[in-house]
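Below is one structure, written out as structure tokens; comments come after it.
The values are calculated or read from the model by the stated rules, or taken from the named source; none is laboratory data. Every value quoted in this text rests on a predicted model; they were computed, and no experiment measured them. Cβ placement follows ideal geometry from the backbone for every residue including glycine, while neighbour counts extend to all protein chains displayed. Just so you know, the surface numbers come from the protein's heavy atoms only, side chains and all, with ligands and any DNA or RNA stripped out. Shrake-Rupley method; radii C 1.70, N 1.55, O 1.52, S 1.80 Å.
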Amino acid sequence: MAVVFYYFAKINNCIYLLEKQIRKLGPQYTEIGTLLYFINEVNTLCRPCAKYEQLKNDYFRVLFLVKKDYSDHDIENFAHSFKILPHHEIQRMTDAWEHVYKVCNSNRRGINYNFLIIIDDKGKIIEIRRF
Amino acid sequence: MNMRCRAFLGLICLFFLAPLLTSQDVEKALVHRLNLALSFPRDENVFFQTTPFIALDNERNIYAVDNRQHVIFKLDSNGKFISKIGRKGQGPGDLEWPWLISVWNKAIFVADNTSISIFDLQGNFRNKFRTFHPLISLAPTDDKIFFAQIENGKIIHAYDYNGNKLYSFGNKYSVDYVIYRGWSNGAIDNWLNAGKLLYAGSRIYFITSLFGDIFAYDLKGNLISQKRMETNEFIEKNRALYFKKGMVNKGDGAFFHNKLFEDAYYYQGKIFVLLSSPAGNSCGEDIWQLDEKTLKIEKRYVLFNKTQRDKNWLRSLVVTSDHTGNNLFYVSLYDSKDFVINIYK
């Protein structure tokens, strides 16, 4: 029983799932510090909480994971709106990433937040910010 | 005294009394009292949970956005329920906290928390795209959609129907952010530049709701003219408050948002402005009609008396005309009991 409980606790743990998924990204994301953004909606007033302007530099690899239904125009407009540097990546969430997002986002209010995950150069999560 | 004598005396009296008429009297002569013709909802299938944003199509069907129910109610011109468009969600055809709505070219354009959705008039989903900054207003045209939103210092942005951004124009108000302690710059920009975009054939008007400035642009984004609505105390107070005095966030998140008008609408060469309750009470009027060419107030309409105006929370205005050519004013409001759409004429 304890084993089953431990197993379910593990697979519903946001940090565990994130680290597992980050490892799958490949070594280039774990050799230097990485900023991972989960972007759900951005035209809200709490948007400035995530200080991309202050964090963007060459010491971080930055990966924006946007929702699956973002069109090419959406991605282009997103990059233009936030002046995202050309070598920072924007990808649509895969099913696996979407599952991780849903686990991390689970809240009583049912609000879909954006997340900023700061990862160190060994692939460990330093901080998760919700905005 | 015969008739000729009386007419002569009358003319002499008018000649001497005319200069005694003040400009206020002349202005009062332009004030028209409108009467309530119809009030919605009149159908048990429709119950608004908040004051709806409204739009009309050519057949005078009403499209009312209920922000809390995440749907658009389609009603016929008599208020009879036709259909519900959308449902809560973020997928294609879904709406999440929708608010701004506009009908143009047999399509419905509705803005929600995450995106702009386009439906046909039957409610079938056509397209959806995102704009990434808090929206202020939207105005669709035959091949483009103009958005008012602050992005990279510009305020008006043109997109095609697929969400491809075409160009930007119009500068936001520049303000000294130091006088706003405790507020983020982005939030201040959004509050100060609040207003309404109006599409008028060959022009785009942007009217700011705090300061009553009217900017007229051509469709390529060149500024044609800029004018301030006839200055009154209300606008002057706002300018002094927002540009000189500023505001301090006391931790309660309350921002003094003293809007001159709630909504504006362009119809047949006229700009109609639905005054907010405080502004309406300061001059005793509810709707101003401005001429497109002179941008001056040419008619003033009264819907409520002072006590009614204090109770009513106005939101949205659409103007059209009936078969006799008389203007009909569709106003959505909260009358301290219910959320309703009233038609005045």
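So what are chain B's ellipsoid semi-axes, whole angstrom, largest first, if each one is the square root of 5 times an eigenvalue of the alpha-carbon gyration tensor?
Semi-axis lengths for chain B are 36, 27, 20 Å.
How about segment A:95-124: which trypsin sites (Lys or Arg not before Pro) there lie in a loop by DSSP and see at most 15 other Cβ atoms within 10 Å?
A:108, A:109, A:122, A:124
What span do the alpha-carbon atoms of the protein assembly as shown cover on each of the three principal axes, reported in whole Å from largest to smallest?
So the three principal-axis extents are 113, 51, 41 Å.
Restrict the search to segment B:225-316; then list the trypsin sites (Lys or Arg not before Pro) that DSSP places in a loop and that have at most 15 other Cβ atoms within 10 Å of their Cβ.
B:250, B:293, B:296
If you average the alpha carbon positions of segment B:146-199 and of segment A:88-131, how far apart do those two centres end up, in angstrom?
Comparing the Cα centres of segment B:146-199 and segment A:88-131, I get a distance of 29 Å.
Against the longest alpha carbon principal axis of chain B, how many degrees, from 0 to 90 and to the nearest 10, is the axis of helix B:3-17 turned?
60
Residue separation times 0.36 nm, minus the C-alpha to C-alpha distance between residue B:306 and residue B:258: what's the value?
15.5 nm
Using a Förster distance of 56 Å, how high is the FRET efficiency between residue B:282 and residue A:16, based on the Cβ-Cβ distance and rounded to 0.05?
0.40
If I take every Cα pair under 8 Å that is 6 or more residues apart in chain B, average their sequence separation and divide by the length, what percent do I get for the relative contact order?
Once normalised by length, the contact order is 14 percent.
Grab every C-alpha pair in segment B:137-261, bin the distances at 5 angstrom width from 0 up to the longest one, and report whole percents.
2, 11, 20, 21, 18, 13, 9, 5, 1, 0
Please sort by residue number the chymotrypsin sites (Phe, Trp or Tyr not before Pro) in segment B:99-182 whose DSSP state is loop and whose Cβ has at most 14 other Cβ atoms within 10 Å.
Those that pass, being in a loop and sparsely packed, number zero.
Measure off 7 Å from each Cα along the Cα-to-Cβ vector at residue B:322 and residue B:335, then give the distance between these two points in nanometres to one decimal.
Here the modelled spin labels are 1.8 nm apart.
Report the longest stretch of chain B that contains none of the GluC sites (Glu not before Pro) sitting in a DSSP loop with at most 12 other Cβ atoms within 10 Å.
The reported range is B:60-345.
Give me, ordered by chain and number, the residues 5 or more places off residue B:276 or on other chains with an amide H under 5 Å from its own placed amide H.
Counting only residues 5 or more places away or on other chains, the set is B:261, B:262.
Can you grab the distance from the C-alpha centre of segment B:236-271 to the C-alpha centre of segment B:289-345, Å, no decimals?
Segment B:236-271 and segment B:289-345 have Cα centres spaced 20 Å from each other.
Applying 1/(1 + (r/R0)^6) with R0 = 22 Å to the Cβ-Cβ distance of residue B:299 and residue B:36, what FRET efficiency is obtained, to the nearest 0.05?
About 0.75, to the nearest 0.05.
Just list whichever of A:68/B:88; B:196/B:245; B:165/B:220; A:51/B:144; B:74/B:128 have alpha carbons separated by over 22 Å in the model shown.
B:196/B:245; A:51/B:144
Kindly report, to the nearest 10 Å², the accessible surface of residue B:36 as traced by a 1.4 Å probe over protein heavy atoms only.
Approximately 100 Å² of residue B:36 is accessible to the 1.4 Å probe.
When a/c is below 1.5 the answer is rounded, else prolate if a/b is larger than b/c, else oblate, so apply that to segment B:239-345 with a ≥ b ≥ c taken from the square roots of the Cα gyration tensor eigenvalues.
oblate
Would you mind computing, in nm to one decimal, how far apart the modelled labels at residue B:176 and residue B:291 are, each placed 7 Å from Cα along Cα→Cβ?
In this crude label model, residue B:176 to residue B:291 measures out at 4.0 nm.
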